[in-house]
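Here is the structure we will look at, set down as structure tokens.
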Amino acid sequence: MRIGVLALQGAVREHLAVIDRLEHEGSIVKEAADLVRIDGLILPGGESTAISRLMDEELVRRLSQLARDGLPLFGTCAGMILLANQIEAGKSCRLNAIDITVHRNAFGRQIESFETKLTITGIGSNVPAVFIRAPYITRVGDGVQVLAYHMSNSKTTSSSLGFPVMAKEKNVLVASFHPELTDDLRIHRYFLAMVEAAN
Ligand code: GLN
């Protein structure tokens, strides 16, 4: 399969390397014309405001349309922010592809980065997850399934499960963290299974 990676800023190479290890073809997407002939698209982590600024109107329009048409999309960290319907504190959204609200840089300054292990529905347990100035999800719409939660030591939540950090709605998968920075390929395999099922 041919998997596009949005390559405007952020952890692009790392996702391409994982796609290669899983023996599929990675393809760089910088503009709307690059969206042809891809079976799925990964939106990497980085800085959502920077990526957002670098996306031209045509790319936003075509990508939003492909999302509605069912192209499998996987947003990690900043990529999740780009796909969300709503961002806390009023920043505008770009793609409106999944009915969640996200809180940027939500785990606070002192622990801007940390690594943990998650149990992920449909994937398994002890999945390593690297959080870098990560967002978490503060609201999920009716059609959204939360796949993983993280119980933070420094942040309190009324939910006994912790903060939602991975979710899926139809063809759209999002994670607060960076699965491409670990050697565990299970999350990318899960996304590739979504792509395979859609084709
Ligand atoms: N803090 C970044 C943002 O708000 C996301 C960080 C990341 O992608 N690792 O866009």
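Compare LEU54, LEU147 by solvent-accessible area with a 1.4 Å probe and give them largest first, with all protein chains kept in place.
Sorted descending by solvent-accessible area, the residues read LEU54, LEU147.
Beyond 13 Å, what share of the Cα-Cα pairs of the stretch 26-69 remains, rounded to the nearest whole percent? Intermediate values should be presented prior to the final figure.
Working: 534 of 946 pairs.
In whole percent, the long-distance tail amounts to 56.
Please compute the contact order of the chain in relative form: average sequence separation of alpha-carbon pairs under 8 Å and at least six residues apart, divided by the residue count, as a percent.
19 percent
How would you classify the stretch 111-199 from its alpha-carbon gyration tensor, with a ≥ b ≥ c the square roots of the eigenvalues: rounded for a/c under 1.5, else prolate if a/b is greater than b/c, otherwise oblate? Can you show the working numbers first?
Numbers: a/c = 2.03, a/b = 1.30, b/c = 1.57.
Oblate is the answer for the stretch 111-199, as a/c is 1.5 or above yet b/c matches or exceeds a/b.
For the chain, build the convex hull from the C-alpha positions and give me its volume per residue in Å³.
Values: hull volume 21.6 nm³, N = 199.
Here the figure is 109 Å³ per residue.
Not counting ligands, DNA or RNA, and with a 1.4 Å probe, what is MET1's accessible surface area in Å² rounded to the nearest 10?
Approximately 70 Å² for this residue.
If you average 1/r over every pair of different alpha-carbon atoms in the stretch 73-132 and take one over that average, what Kirkwood value in Å do you get?
On the way: mean 1/r = 0.0775 Å⁻¹.
That comes to 12.9 Å for the stretch 73-132.
Any chance you could count the Lys pairs in the chain whose alpha carbons are under 27 Å apart, treating pairs 8 or more apart or on different chains as valid?
10
Would you kindly find the accessible area of GLU115, with a 1.4 Å probe and non-protein molecules such as ligands, DNA and RNA excluded, rounding to the nearest 10 Å²?
Its heavy atoms expose roughly 120 Å² to the probe.
Taking every DSSP beta bridge that has both residues in the stretch 67-187, what percent is antiparallel when rounded to the nearest 5?
Values: 21 of 28 bridges.
Given both bridge residues lie in the stretch 67-187, the antiparallel proportion sits at roughly 75 percent.
Please give the length that would be gained between THR101 and ASP142 if that part of the chain were fully extended, namely 0.36 nm times their separation in residues minus their C-alpha to C-alpha distance (nm, one decimal).
Residue separation times 0.36 nm, minus the Cα-Cα distance, leaves 13.5 nm.
At 0.36 nm per residue, minus the direct Cα-Cα distance, what do GLU23 and SER158 gain on full extension? Give it in nm, one decimal, please.
The GLU23-SER158 span can extend by a further 44.4 nm.
Rounded to the nearest 20 Debye, what is the dipole magnitude of the chain about its Cα centre when Lys and Arg each give +1 and Asp and Glu each give -1 at the C-beta?
It comes to approximately 440 debye.
The values are calculated or read from the model by the stated rules, or taken from the named source; none is laboratory data. Here the structure is a predicted model, which means the values were calculated and not measured. Heads up, the Cβs are rebuilt from the backbone with ideal geometry, glycines too, and the neighbour counts pull from every protein chain shown. Surface accessibility is based on the protein's heavy atoms, side chains included, excluding ligands, DNA and RNA. Shrake-Rupley method; radii C 1.70, N 1.55, O 1.52, S 1.80 Å.
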